[in-house]
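*Asks:* Sharing a structure here in C-alpha cells format.
The values are calculated or read from the model by the stated rules, or taken from the named source; none is laboratory data. Since the structure is predicted, the reported quantities are computational estimates derived from the model, not experimental observations. Neighbour counts are summed over all protein chains in view; Cβ atoms, including those assigned to glycine, are modelled from backbone coordinates with ideal geometry.
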Amino acid sequence: GKDSMEKALYKVFNIKNGLDSIPMMGRTDPLILKDAVAKHGIVWNRENENKLKEVYFKIIEKEIIKPRKGQRVLPGIEQALKLLSGEKHIYLGLLTGNYRTSAYVKINRFDLGKYFPFGAFADDSPDRNKLGRFAMERFVAKYGITISSSNVFIIGDTPHDIACALPYNFKTVAVATGIHSFEKLKEHNPDFVFRDFRDYENILHKLKVI
C-alpha cells in the first residue's frame, strides 16, 4: 500500500517520496495522507481526499498483482480463518484503518475477502477508535442479532489495534507479526498476546472460541 500511496501523491500533487518520515503502522489512511500533504502546505479537505482516493485505488489494483518480496499470508492465518468460518457461532468482520476499497484489494490478493462479509473502515472515520461502533452497527444490521462486547475480539499487531477496542470493552488479541515486538505489545496490556498464529488451533482454544 505504501508504494501505491506514494505514486498517488506524486500523480495528484507532484509530491515525491511523500510518506518519508510519516508514521503508518496502525494508523488510518486519511491521517497518513493528511500528514503527507500537510508537509507540503496542501489543505486536507474532502475534495483533495477524493482525488487521492480515486487515483490510489486505480494504482493499487495494478500494483497488488505484481510479485513482491515478502508478500504472503502469515503462517496460520488462512487456516484459522477457514476453521472459524465453519463455526456457526463465529462471525468474522474486518476492522481496519484502510479505506474499504483498498482493504479488500489487499486481502483479495490472497482470496481472503470471502471470510469478511462486513466491517468498518477509514471511510467511516479517520479516528480508528471510533470504528468499533460502525462494526457493531453493521453486524446487527446484517445478522439481526446483538452480541455482548465481551464476546468481540479485536486481533491486530499494533498498539493502535489494542487501543481501538478499549472504548467498547472488546477483548484484545495482539500478535507480534509486525514491527512491534511481543514485549512491546505486552506493555499495552492486551487480553492475549502471541508471537504469531502458527499454532492457531491452540490459540483459538485459549481464546475459547472453538
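*Asks:* (1) closer than 22 Å to D196 by Cβ; (2) polar (S, T, N, Q); (3) at pLDDT 95 or above; (4) not in a helix (DSSP H, G or I): which one isn't true of Q79, the others all being true?
*Replies:* Unmet for Q79, out of (1) closer than 22 Å to D196 by Cβ; (2) polar (S, T, N, Q); (3) at pLDDT 95 or above; (4) not in a helix (DSSP H, G or I): (4).
*Asks:* With respect to the numbered conditions (1) closer than 18 Å to I155 by Cα; (2) assigned by TED's automatic domain parsing to the domain that holds G18; (3) not aromatic (F, W, Y), which one is the sole condition not fulfilled by A120?
*Replies:* Condition not satisfied by A120: (2).
*Asks:* Would you pick out the residues in the stretch 94-127 that are part of a helix (DSSP H, G or I), surrounded by fewer than 22 Cβ atoms within 10 Å (Cβ to Cβ) and touching a residue at least 60 places away in the same chain (Cβ under 8 Å)?
*Replies:* Residue satisfying the conditions is K106 alone.
*Asks:* Picking from K171, K142, K184, which residue would you name as being within 26 Å of R72 (Cα to Cα), surrounded by fewer than 20 Cβ atoms within 10 Å (Cβ to Cβ) and either without any contact (Cβ under 8 Å) to a residue 12 or more places away in the chain or not acidic (D, E) (or both)?
*Replies:* Working: K171 fails: within 26 Å of R72 (Cα to Cα); K142 fails: within 26 Å of R72 (Cα to Cα).
Matching residue, one of K171, K142, K184: K184.
*Asks:* How about the stretch 18-61: which of its residues are of a type in the set (G, A, S) and either within 17 Å of S102 (Cα to Cα) or surrounded by fewer than 19 Cβ atoms within 10 Å (Cβ to Cβ) (or both)?
*Replies:* Listed by number, the residues that qualify are S21, G26, A38, G41.
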